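Taken together, the values in this text are just the output of simple stated rules run on the coordinates, not laboratory data. Since this is a predicted model, take the numbers as computed values, not measurements. Here Cβ is always computed from backbone atoms with ideal geometry, including for glycine, and neighbour counts include all displayed protein chains.
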Amino acid sequence: MVNSRKDWKDIKSNDSWSIFKIMSEFVEGFDRMSKIGPCVSIFGSARTPEENPHYKLGVDLAEELSKRGYGIISGGGPGIMEAANRGAQKGVGPSVGLNIDLPFEQNHNPYIDSAHNLEFDYFFVRKVIFVKYSQAFVALPGGFGTLDELFEALTLIQTNKIARRPVVLVGKDYWSGMTDWIQKTMLDAEQNISPSDLDLFRLVDTPEEAVEYIEDFFTTHSLTPNF
């Protein structure tokens, strides 16, 4: 609670200094990411253990994309993020981690290239970097953070704020409930989206299907690393 005018001035002063921190995160992110070639962002849960089949799926998918010439961007933490970076290193491609400072769950995974490990305090800055330097977005099973990143990408594509890019949901058993709801409720019942919006993402089950969709997309679309 603000108890005095002085308290309010202190808050405003702290807000002003935050601007410089935000700017520094953007500058460092733009500078370092601009030196990496085409990348694919892989989203997914930080809580997925190594023995979970989704973890292996993430490794295999990232490895295959890496062999096709893509760098792999993850959130830098454990679980699916670790699987993505692990696969990137197996495929000998750039393995990028956009790590966020959190009080729990988030620690660096050991599979990020040392030159490609970025630190963020602000989620919104991190999401800008994800979007700006990704040629495609792949969502494996995850929680609120994965949904946030997924729908951020879909909204920007839907509103033409960024060029069209492939968005892939991997794991039909996991995602089909959500995609059915999008079809039946958002579209059919309420008309809150357009029929063509269902074409903005593809639901698949295997790494091979995901890679094929991404590769096919770029036979007719240009690589566009910037907004």
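Numbers at a glance
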| item | result |
| --- | --- |
| Residue tally, condition of a type in the set (A, V, I, L, M, F, W, C), closer than 22 Å to residue 132 by Cα and either in contact (Cβ under 8 Å) with a residue 40 or more places away in the chain or not in a helix (DSSP H, G or I) (or both), over the range 49-82 | 5 |
| Filtered residues of the range 124-150 (kept if more than 10 Å from the chain's Cα centre (by Cα) and free of Cβ contacts under 8 Å to residues at least 24 places away in the same chain) | 124, 144 |
| Criterion violated by residue 60 - all others in (1) buried (at least 21 other Cβ atoms within 10 Å of the Cβ); (2) over 21 Å from residue 118 (Cα atoms) satisfied | (1) |
| Breaking point among (1) of a type outside the set (Val, Ile, Thr); (2) in a loop (DSSP other than H, G, I, E, B); (3) under 17 Å from the mean Cα position of the chain (by Cα), for residue 110 | (3) |
